[in-house]
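Notes follow the structure.
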Amino acid sequence: MNPKKIEIFIDGASIGNPGPAGIGVIVCDNGRMIRNISKFIGETSNNVAEYTALIYALQEALILRSTNVVINTDSQLLANQIIGTYKVKNSHLKPLHEQVKHLISGFKDFQIKYIPRTENKGADKLASQAIKDSKKQLLFGI
């Protein structure tokens, strides 16, 4: 499979901010889900989780050899920092922002769109599920 243009929905979640965090990524080709990622990323802030979800999404797009990528996020901060409307002031986010910019350079066309949470339920569910699953593993050794 080698989709040239893909659409990706991303979300990062943190309980406690900082606290246990997870990411959710849904990769779509022509409106059809082709991959998803639900991953616990440890203890961190919500904004770091959002950036981590974006990094995973861009890496996945590169693995798929996509040339055109559209990212959908419900993080207004993330979208505006990537577009350049907002400056990155947080020292924890600066290296992640630089990594994202480097990954973006691998695409012919890149867009990031801010969407309402109601349009991002799938990625949100994957991020939350990653946190829940990690808690089960800690409690029950599953």
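The values are calculated or read from the model by the stated rules, or taken from the named source; none is laboratory data. Note that the structure is predicted; figures quoted are calculated from it, not measured. Don't worry about glycine lacking a Cβ; one is built from the backbone with ideal geometry, like all the others, and counts go over all protein chains shown.
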| request: Could you check how many residues of the stretch 46-80 are in a strand (DSSP E or B) and among the hydroxyl-bearing types (Ser, Thr, Tyr)? | output: 1
| query | Residues of the stretch 61-114 being loosely packed, with under 11 Cβ neighbours inside 10 Å and hydroxyl-bearing (Ser, Thr, Tyr), which ones? | reply | Thr85, Ser91, Ser105
| Can we say Glu43 is touching a residue at least 12 places away in the same chain (Cβ under 8 Å), of a type in the set (Asp, Glu) and not in a helix (DSSP H, G or I)? | yes
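Each row is one residue, and each column tells you yes or no for (1) modelled with pLDDT of 95 or more; (2) among the aliphatic types (A, V, I, L, M); (3) under 21 Å from Pro116 (Cβ atoms).
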position: Asn2; (1), (2), (3): no, no, no
position: Gly16; (1), (2), (3): no, no, no
position: Ile37; (1), (2), (3): yes, yes, no
position: Glu43; (1), (2), (3): yes, no, no
position: Asn46; (1), (2), (3): yes, no, yes
position: Ala53; (1), (2), (3): yes, yes, yes
| field | Subset tally (residues that are under 17 Å from Phe107 (Cβ atoms) and surrounded by fewer than 22 Cβ atoms within 10 Å (Cβ to Cβ)) for the stretch 13-33 | value | 2
| query | Leu58 fails exactly one of the following numbered conditions: (1) in contact with a Ser or Thr (Cβ under 7 Å, 6 or more places away or on another chain); (2) crowded, with 22+ Cβ neighbours inside 10 Å. What is the number of that condition? | reply | (1)
| request: Determine whether Ile10 is surrounded by 24 or more Cβ atoms within 10 Å (Cβ to Cβ) and either modelled with pLDDT of 95 or more or in contact with a helix residue (DSSP H, G or I) (Cβ under 6 Å, 6 or more places away or on another chain) (or both). | output: yes
